[in-house]
Amino acid sequence: MKRKSGNLKRNLALVLMCALVVIAGGCGSEKTVKNENHTENSDWMQDAEYIVYFGLNDKSTGEQIVSKEEATETIKKIFEKQGVGYTVLDAFGAYLDDEGKVVSNETVVLDILMVSEEELESAVTEAVDELHLASAMVTKSDVSYRFYTTD
């Protein structure tokens, strides 16, 4: 009986060691490409995706003063100057104010990947200040993406 117990312990130890090798083999397989949010594993890359909503009503008057085209150009220049890539989306938004009144406004929306939160905050804050907006809303999601190319 001792002999079987010894074999059982040895076999169990081998199984556990194999399991650890398999589990540990996956650790550290991701490599950092640009920043702490952006990693590459296989053909798919994972990153944080930020959507920034700039409602264009002025923070003092509550009315839109700057045209959507001028605001878009201002925002693009700020993000480009800070080295932040983006995709601009055309949008129109509305919300309920504290009194339940519908407030609508033209909205510039940016979809952004491959940026640190510090870079994003800096660019968004500068745009909000430059355009005299009350705020900009930012959403964050974890996404996977890949590039398709032709040879």
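So Q64 fits all but one of (1) surrounded by 11 or more Cβ atoms within 10 Å (Cβ to Cβ); (2) closer than 15 Å to M137 by Cα; what number is the exception? Among (1) surrounded by 11 or more Cβ atoms within 10 Å (Cβ to Cβ); (2) closer than 15 Å to M137 by Cα, the lone unmet condition for Q64 is (2). Any chance the range 49-61 includes a residue that's open to solvent by 60 Å² or more (accessible area, probe 1.4 Å), touching a residue at least 12 places away in the same chain (Cβ under 8 Å) and under 19 Å from the mean Cα position of the chain (by Cα)? Among the residues of the range 49-61, at least one is open to solvent by 60 Å² or more (accessible area, probe 1.4 Å), touching a residue at least 12 places away in the same chain (Cβ under 8 Å) and under 19 Å from the mean Cα position of the chain (by Cα), which makes the answer yes.
Residue by residue, here is whether (1) surrounded by fewer than 13 Cβ atoms within 10 Å (Cβ to Cβ); (2) in contact with an Asp or Glu (Cβ under 8 Å, 6 or more places away or on another chain); (3) farther than 26 Å from M45 by Cβ; (4) modelled with pLDDT under 95 holds:
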| site | (1), (2), (3), (4) |
| --- | --- |
| I75 | no, no, no, no |
| E80 | yes, no, no, no |
| V103 | no, yes, yes, yes |
| T107 | no, no, yes, no |
| V115 | no, no, no, no |
| A123 | no, no, no, no |
| H132 | no, yes, yes, no |
| Y148 | yes, no, no, yes |
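Applying a threshold of 6 Å to beta carbon distances and a minimum spacing of six or more residues, or different chains, the list of pairs starting in the range 110-137 at a residue that is more than 15 Å from T74 (Cα to Cα) and ending at one that is surrounded by 16 or more Cβ atoms within 10 Å (Cβ to Cβ) and among the hydroxyl-bearing types (S, T, Y) reads I112/Y50; I112/Y86; L120/Y50; M137/Y53. Report yes if some residue within the range 83-99 is outside any strand (DSSP E or B) and surrounded by 14 or more Cβ atoms within 10 Å (Cβ to Cβ); otherwise report no. Yes. Pairs are defined by a Cβ separation below 6 Å, a sequence spacing of at least 6 or placement on different chains, a first member in the range 73-98 that is closer than 11 Å to E119 by Cα, and a second member that is surrounded by 12 or more Cβ atoms within 10 Å (Cβ to Cβ) and modelled with pLDDT under 95; no pair meets this definition.
Candidates are the residues of the range 134-146 that are touching a helix residue (DSSP H, G or I) at 6+ places or on another chain (Cβ under 9 Å) and over 14 Å from D58 (Cβ atoms); the one that is most open to solvent (accessible area, probe 1.4 Å) is K140. Going by what's in this entry, would K68 be described as at pLDDT 95 or above, in contact with an Asp or Glu (Cβ under 7 Å, 6 or more places away or on another chain) and of a type in the set (D, E, K, R)? Yes: the conditions hold for K68.
The values are calculated or read from the model by the stated rules, or taken from the named source; none is laboratory data. In this text, all values refer to a predicted model and were calculated from it rather than measured experimentally. Counting neighbours? That spans all protein chains shown, and the Cβs are built from the backbone with ideal geometry, glycine included. Keep in mind that these areas ignore ligands, DNA and RNA; they rest on the heavy atoms of the full protein, side chains included. Shrake-Rupley method; radii C 1.70, N 1.55, O 1.52, S 1.80 Å.
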